[in-house]
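The values are calculated or read from the model by the stated rules, or taken from the named source; none is laboratory data. Everything quoted here is computed from the prediction, not taken from an experiment. Cβ placement follows ideal geometry from the backbone for every residue including glycine, while neighbour counts extend to all protein chains displayed.
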């Protein structure tokens, strides 16, 4: 798999025909890495073949995952597409600006991707919270509905137009690289475990929203691998009992 490419992730796609049309749009613009999270009708799906119009290699190599987190764990930077603005703080980009940014990161040898929701209701808040920013495709105010393959085609086209040359601003991370989704997932598990232990997340009705807000804080920071290691070290240090408390217990 070409490292300097864009990964397309479809979360809970419903129709095999739409998956086939997505594969066709991807190959039109030189993309080959397609990942599927819990496709409704299973995979492989023969309904995807005719609308793919010969993009068989993408369908044959599509990878299937049981969760969004599993599908994105090796990516360094992830954007989500949504026609709705969630009640969380996220940067929102038009497609051209978003793909300029993603291209600049990919050209530094890091893995980037875009997350698309299912046809019926799009992405859940839990999926959006795993992404740094949103891509909002401009449409008429009174008609936002886009076919899944159309949305993928628009994003893929912007990637294709950007990838041949560096954008005006290049994302640089020095000697380290952006943390992968797996690194961030481990950080969140570590932090949330300690917050549960100390009672910070004790209100069950508020817990899900609090967790999303905490994750968003770190997602917006575009943390590097080294920064994640540092933060986990800080959590471990804060979770340890002070030496004088340990001595008191022993005595």
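Here is how the numbers come out for the structure above:
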quantity	calculated
For residue 123: the one exception among (1) at pLDDT 95 or above; (2) closer than 29 Å to residue 47 by Cα; (3) surrounded by 15 or more Cβ atoms within 10 Å (Cβ to Cβ)	(1)
Flag for residue 142 being part of a loop (DSSP other than H, G, I, E, B), at pLDDT 95 or above and out of contact with any strand residue (DSSP E or B) (no Cβ under 6 Å at 6 or more places or on another chain)	no
Residue within region 119-135 that is assigned to a helix (DSSP H, G or I), in the same structural domain as residue 41 (by TED's automatic domain parsing), under 15 Å from residue 7 (Cα atoms) and in contact with a strand residue (DSSP E or B) (Cβ under 8 Å, 6 or more places away or on another chain) present	no
Residue list for region 86-100, filter: in contact with a strand residue (DSSP E or B) (Cβ under 7 Å, 6 or more places away or on another chain) and over 20 Å from residue 22 (Cα atoms)	90, 91, 92, 93
Entirely in region 18-83, the helices (runs of 4 or more DSSP H) that have 2 or more residues that are touching a strand residue (DSSP E or B) at 6+ places or on another chain (Cβ under 9 Å), surrounded by 14 or more Cβ atoms within 10 Å (Cβ to Cβ) and modelled with pLDDT of 95 or more	56-61, 68-72
